[in-house]
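Here the structure comes first, spelled out in structure tokens, and everything after it is commentary.
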Amino acid sequence: MSPFISAGWNIDETVNVRPAQYLAMLKILSNWGSEFFYAGYFSLAAPYPDSKNWGWQTVMPVYAQAITSRYESILKNSTLLTGDVPRYFLTSTTLQPNNPKYLYYTGNTNQLVSVRKLNGAEKYVITAAQMVDANTINNAPMSSFGKFKLGNDSLNIEFRRQGSVYIYDATVSGAKAFYQLDTWHQYEHPERWSKDFQFEAEVFDNNNTIAKIKTEVPSGTAPGDYRSFTSYISFTSTPTAVEYNFTPRSSQNYYVWVRARSKNATGGAISVNVAGQTSKSLGCITNTAWAWYSLDACSGQAIAYSNLSNQEHVISLLATNSNIEIDKILLSTNSSLNLNSNQTACGTSVANVSTSGATNFCQGGSVTLTAAAGTSYSWSNGQTTQAITVSQSGSYSVAVNNGTGCASVSAPIQVTVNSAPTANITTTSNTICQGQSTNLTSSAGSSYLWSNGATTQTIQVNNAGSYSVIVTGAGGCSANSSPVNITVTTAANATVTPSGSTTFCQGSNVILSAATGYTYSWSNGSTSRQITVSTSGNYSVVVSANGACSATSQTIPVTVNANPNASISATGSTTFCQGGNVNLTATGGSSYAWSNGQTGNGISINTTGTYSVVATGSNGCTASSNSINVTVAANPNTNINASGNTTFARDEFNSTGKAMGKAKVNNREFNRNL
């Protein structure tokens, strides 16, 4: 329905409905099904009332409709309950005896209760109002408590002059929730309402399936007694932000207070953002009792927001972990307000990290670490996602930034990955000859279980087959090895045959030949069937073939005797005149054979020629020396010719008394004494 409403039009205001009463009445009408109102004001004769005294009548319907919008989904799918108000309370001229009453009786005729029930569920909208009989000063109480019967439940609630709208959710019998939608409504003229805003945390404006509404009452309180209660939000898993809409009533700074607690004294924080400005963090929420928080975890100063324009804004709260529970939020213009004198700045808050399982596990396993909700994440291993999967030992922590510029840092989480032991098998040989055995050795562990039932680290096997081992380490982790196949085969023919003598002189060689049909590995590194040997040494070969055992041949010693160092030296010049000679001496051997047929280590040469020697050493090896050229020059042929008579007088003497004569030799004249 959409009724036409008016608070009154008399110039005597005491006979008109006052603002708070009017608001309460509109809430009752809303619960009865009024989706909106036609507000009116009548003044029939002068003097006309001052508009300042009646302008509020156009405001109150809006406030009432604002509350109705919070339970609109129930309003459209619910039933207005008829109530139990006694017949004598209702004027017989206005209601027929069998007409529904739609009100509940508390025993106080000034207390009105209207209840609407969600179809198919035990969820109710309860509207309660403190009414008065006259508007004279001090005649209208601000509030009172009243008790009424709702089905099997007996509820004891508060009735306010400005009306109260409650949600009673009895869907879960052991966890009934009771909370109020309009705590922010005041009883005064709306012009004098506070500039501050107080939000009940459970009355959030966004769709949040993680935040659950809960209600608690003091210990010993009877069921249904909600005269003193606390309704709050709790998170079932990693929190998401809860949001609240408001329009500032002042241009002053708004100081943020949040009433919260920790479920189990585990540290946590709440990121606060107002109107999209820089987020700030309320940190170190460890108290399990409800307490007010207002200090920025980074600066230690009160969180305040300024320059909020006169339009709708959003305040957003994001808890860092699911241990945080929130009761109320207050935006106050009072900078001196102190709701918690014991509050101290705590520095950067602690970010919570949850684990998907044990943090001590075997190699090959992993654990997922999930940080509390934030805007960005910086893990100690460099990753930047909210959750990381860890498969290596180490200490892991995360810095969670909630948009405040002040990161919450988690306590380190130690992850221990017990290394699965290395399950490898080493063997002395994978192929053995029949009658032989081989050792299989497992890599180190604390215990072993072989496929043949053995439990030692090393086993000896002589049968063909596939062998594997399960190795268990000190941390209880185990690993399976790859199988090792052992083959038992017959022996190979490893005979080596030399092509000739294995003792010979330098420059000669011998061919060593192995049997055909195998692969070969000679001691000198060769892999051919035959090798040509020209240096001293011991030679052997390992032969192997498919289906045959490898075998090592006998050792063949090869001796290569060194050749002598033959050389010739001359005792003098190897060029001389006929009639002379030169001695040639040979060295480096034990016997010598000269190129001219002579033997011995020395010979005398007097004829022109080229001479060399072959020296034979004591080991029978020979070597040729260098060559020496000998040149023998012929003597000259001398003739004497007389230039005159070779008979002359005796008186032809010189002054010494000797005879003188002349002779010509080779056309040269000589004077000689005769």
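The rows are residues; the columns are (1) under 59 Å from the mean Cα position of the chain (by Cα); (2) aromatic (F, W, Y); (3) surrounded by fewer than 17 Cβ atoms within 10 Å (Cβ to Cβ); (4) more than 30 Å from T502 (Cβ to Cβ).
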{"site": "A551", "(1), (2), (3), (4)": "yes, no, no, no"}
{"site": "V558", "(1), (2), (3), (4)": "no, no, no, no"}
{"site": "N561", "(1), (2), (3), (4)": "no, no, yes, no"}
{"site": "A566", "(1), (2), (3), (4)": "no, no, no, no"}
{"site": "Q578", "(1), (2), (3), (4)": "no, no, yes, yes"}
{"site": "L584", "(1), (2), (3), (4)": "no, no, no, yes"}
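Which pairs turn up if I take residues in segment 174-193 that are within 10 Å of P19 (Cβ to Cβ) and look for partners that are among the acidic types (D, E) and surrounded by fewer than 16 Cβ atoms within 10 Å (Cβ to Cβ) with beta carbon separation below 6 Å, at least 6 apart in sequence or on another chain?
Cβ pairs passing all conditions: none.
Open to solvent by 10 Å² or more (accessible area, probe 1.4 Å), touching a residue at least 60 places away in the same chain (Cβ under 8 Å) and in a loop (DSSP other than H, G, I, E, B) - does that describe any residue in segment 150-161?
Yes: segment 150-161 contains one or more residues that are open to solvent by 10 Å² or more (accessible area, probe 1.4 Å), touching a residue at least 60 places away in the same chain (Cβ under 8 Å) and in a loop (DSSP other than H, G, I, E, B).
Sort out which residues of segment 162-175 are closer than 18 Å to N31 by Cβ and assigned to a loop (DSSP other than H, G, I, E, B), and write them in order of number. Walk me through how you get there before you give the answer.
Of the residues in segment 162-175, the ones closer than 18 Å to N31 by Cβ are 162-170.
Selection gives Q162, G163, A170.
Could you say whether any residue in segment 319-340 is of a type outside the set (G, A, S), open to solvent by less than 50 Å² (accessible area, probe 1.4 Å), in contact (Cβ under 8 Å) with a residue 40 or more places away in the chain and farther than 22 Å from Y244 by Cβ?
Scanning segment 319-340, I find no residue that is of a type outside the set (G, A, S), open to solvent by less than 50 Å² (accessible area, probe 1.4 Å), in contact (Cβ under 8 Å) with a residue 40 or more places away in the chain and farther than 22 Å from Y244 by Cβ, so the answer is no.
Can you tell me how many residues in segment 6-28 are of a type in the set (V, I, T) and either in a helix (DSSP H, G or I) or modelled with pLDDT of 85 or more (or both)?
From segment 6-28, those of a type in the set (V, I, T) are 11, 14-15, 17, 28; that's our starting set.
Still in the running and either in a helix (DSSP H, G or I) or modelled with pLDDT of 85 or more (or both): 14-15, 28.
Qualifying residue count for the region: 3.
Which of the residues that make up segment 516-527 are part of a loop (DSSP other than H, G, I, E, B) and either surrounded by 18 or more Cβ atoms within 10 Å (Cβ to Cβ) or among the acidic types (D, E) (or both)? Explain how you work it out, then say what you get.
Narrowing segment 516-527 to residues part of a loop (DSSP other than H, G, I, E, B): 516-518, 523-527.
Correct list: Y518 only.
Among the strands (runs of 3 or more DSSP E) confined wholly to segment 530-619, which include 3 or more residues that are more than 30 Å from A494 (Cβ to Cβ)? I'd like the intermediate steps shown before the answer.
Details: elements: 530-533, 537-539, 541-545, 548-552, 556-561, 567-570, 575-577, 582-587, 591-594, 602-605, 609-611, 613-616.
Strands (runs of 3 or more DSSP E) meeting the threshold: 567-570, 575-577, 582-587, 591-594, 602-605, 609-611, 613-616.
Tell me the residue from T441, T455 that is hydroxyl-bearing (S, T, Y), part of a loop (DSSP other than H, G, I, E, B) and either open to solvent by less than 40 Å² (accessible area, probe 1.4 Å) or at pLDDT 90 or above (or both), please.
On the way: T441 fails: part of a loop (DSSP other than H, G, I, E, B).
The match here is T455.
Can you confirm whether T82 is among the hydroxyl-bearing types (S, T, Y) and either modelled with pLDDT of 85 or more or surrounded by 17 or more Cβ atoms within 10 Å (Cβ to Cβ) (or both)?
Numbers: among the hydroxyl-bearing types (S, T, Y): yes; either modelled with pLDDT of 85 or more or surrounded by 17 or more Cβ atoms within 10 Å (Cβ to Cβ) (or both): yes.
The answer is yes for T82.
Exactly one of these conditions fails for V367: (1) at pLDDT 90 or above; (2) in contact with a Pro (Cβ under 9 Å, 6 or more places away or on another chain). Give me its number.
(2)
Please enumerate the residues belonging to segment 230-270 that are among the polar types (S, T, N, Q), out of contact with any His (no Cβ under 9 Å at 6 or more places or on another chain), open to solvent by 10 Å² or more (accessible area, probe 1.4 Å) and part of a strand (DSSP E or B).
Keep residues of segment 230-270 that are among the polar types (S, T, N, Q), which gives 230-231, 234, 236-238, 240, 245, 247, 250-253, 262, 264, 266.
Keeping just the survivors that are out of contact with any His (no Cβ under 9 Å at 6 or more places or on another chain) gives 230-231, 234, 236-238, 240, 250-253, 262, 264, 266.
Still in the list and also open to solvent by 10 Å² or more (accessible area, probe 1.4 Å): 230, 236-238, 240, 250-253, 264, 266.
T230 - this is the single residue of segment 230-270 that is among the polar types (S, T, N, Q), out of contact with any His (no Cβ under 9 Å at 6 or more places or on another chain), open to solvent by 10 Å² or more (accessible area, probe 1.4 Å) and part of a strand (DSSP E or B).
Could you please let me know if T497 is farther than 30 Å from Y467 by Cβ, part of a strand (DSSP E or B) and open to solvent by 50 Å² or more (accessible area, probe 1.4 Å)?
Judged against the criteria, T497 is a match.
Against the condition without any contact (Cβ under 8 Å) to a residue 60 or more places away in the chain, open to solvent by less than 40 Å² (accessible area, probe 1.4 Å), under 59 Å from the mean Cα position of the chain (by Cα) and more than 25 Å from I326 (Cα to Cα), how does A128 come out, does it pass? Lay out the reasoning, then the answer.
Values: without any contact (Cβ under 8 Å) to a residue 60 or more places away in the chain: yes; open to solvent by less than 40 Å² (accessible area, probe 1.4 Å): yes; under 59 Å from the mean Cα position of the chain (by Cα): yes; more than 25 Å from I326 (Cα to Cα): yes.
The answer is yes for A128.
Please go through segment 29-50 and give me each residue that is surrounded by 12 or more Cβ atoms within 10 Å (Cβ to Cβ) and at pLDDT below 80, ordered by number.
G40, Y41, S43, P49, listed by residue number.
Filter segment 400-421 down to the residues that are open to solvent by less than 30 Å² (accessible area, probe 1.4 Å), modelled with pLDDT of 75 or more and over 30 Å from A479 (Cα atoms) and list them by number.
Scanning segment 400-421 gives V400, S410.
When you go through (1) free of Cβ contacts under 8 Å to residues at least 40 places away in the same chain; (2) open to solvent by less than 70 Å² (accessible area, probe 1.4 Å); (3) outside any strand (DSSP E or B) one by one for G475, which number turns out not to apply?
(1)
The values are calculated or read from the model by the stated rules, or taken from the named source; none is laboratory data. A quick note: this is a predicted structure, and the numbers were derived from the prediction, not measured. Positions of Cβ are generated from backbone atoms using ideal geometry, with glycine treated the same way; all protein chains shown enter the neighbour counts. These accessible areas exclude ligands, DNA and RNA; they are computed on the full protein's heavy atoms, side chains included. Shrake-Rupley method; radii C 1.70, N 1.55, O 1.52, S 1.80 Å.
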